[in-house]
Amino acid sequence: MTRIIAGRAGGTTLDVPGSGTRPTSDRVRESLFGALESADALIGARVVDLYAGSGALGLEAVSRGAASADLVERAGPAATVVQRNAARVTKAMGRDAAIRVHRLAVSAYLARAAGPFDLAFLDPPYDLGEAELASALDALRPLLSEHAVVVVERARRSPAPDWHSAGLEALRDRAYGETTMWWGQPRAESQSR
């Protein structure tokens, strides 16, 4: 069972798409969000959750104080699940949460999105190629705020994201079983790109 771990919607259960996604485990999300809270990266943040799957990452961020979340999922069945989960979180929070679900490919969304985003999650399917991930990071970069945090989740056997070519720099990485989380941020010299 997947659920919102903490915050105003804590305990809210989330549906998971039937196939084609691998939700981030509660243990990994708890560790990730503890680190994001320690870095003061959540309160008031504008969040984008690319390759959203169930939407758990973006919805957890809103539950813990992010100002808004844009959840991007191309697959129709998964986008329907994200919409349902977003409605549950909004209801649990007792207010209109600024959660928007976009049924689009990541490339199409980033081509028309309006930033700036303070926190970006990229949890692509394991079979997404390195060139496609690099392209997504490159398209995301102009939409990031100066002190944004970008978190990429991939299989542990995957190479690190190509931060440099997108005008980003690595902050840290951490492995959790078969999953690795890589953190990045905009490079100072790339601010005027």
* **Members of segment 22-70 found to be closer than 15 Å to Val152 by Cα, outside any helix (DSSP H, G or I) and either free of Cβ contacts under 8 Å to residues at least 60 places away in the same chain or in contact with a helix residue (DSSP H, G or I) (Cβ under 9 Å, 6 or more places away or on another chain) (or both), listed by number** => Pro23, Thr24, Val47, Val48, Asp49, Leu50, Tyr51, Ala52, Gly53, Gly55
* Scan of segment 115-141 for residues that are of a type in the set (Phe, Trp, Tyr) and not in a loop (DSSP other than H, G, I, E, B), ordered by number -> Phe117, Phe121
* Asked: How about segment 17-76: which of its residues are of a type in the set (S, T, N, Q), surrounded by fewer than 17 Cβ atoms within 10 Å (Cβ to Cβ) and under 16 Å from Tyr126 (Cα atoms)?
  -> Ser19, Ser25
* Within segment 163-188, track down each residue that is surrounded by 14 or more Cβ atoms within 10 Å (Cβ to Cβ) and at positive phi. => Gly167
* When you go through Ala160, Ala148, Ala98, Ala131 one by one, which is the residue that is surrounded by fewer than 15 Cβ atoms within 10 Å (Cβ to Cβ), among the small types (Gly, Ala, Ser) and either under 15 Å from the mean Cα position of the chain (by Cα) or under 17 Å from Leu57 (Cβ atoms) (or both)? -> Ala98
* Structure fact -> All-but-one check, Gly129 against (1) touching a Gly at 6+ places or on another chain (Cβ under 8 Å); (2) modelled with pLDDT under 95, failing number (1)
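Residue by residue, here is whether (1) modelled with pLDDT of 95 or more; (2) within 11 Å of the chain's Cα centre (by Cα); (3) among the acidic types (Asp, Glu) holds:
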position	(1), (2), (3)
Ser19	no, no, no
Ser25	no, no, no
Val47	yes, yes, no
Gly55	yes, yes, no
Glu60	yes, yes, yes
* To do: Answer yes if at least one residue in segment 142-164 is part of a helix (DSSP H, G or I) and farther than 18 Å from Val72 by Cα, and no otherwise.
  => yes
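The values are calculated or read from the model by the stated rules, or taken from the named source; none is laboratory data. These numbers come from a predicted model, not from an experiment. A quick note on method: Cβ atoms are made from the backbone with ideal geometry, for glycine too, and the neighbour counts reach across all protein chains shown.
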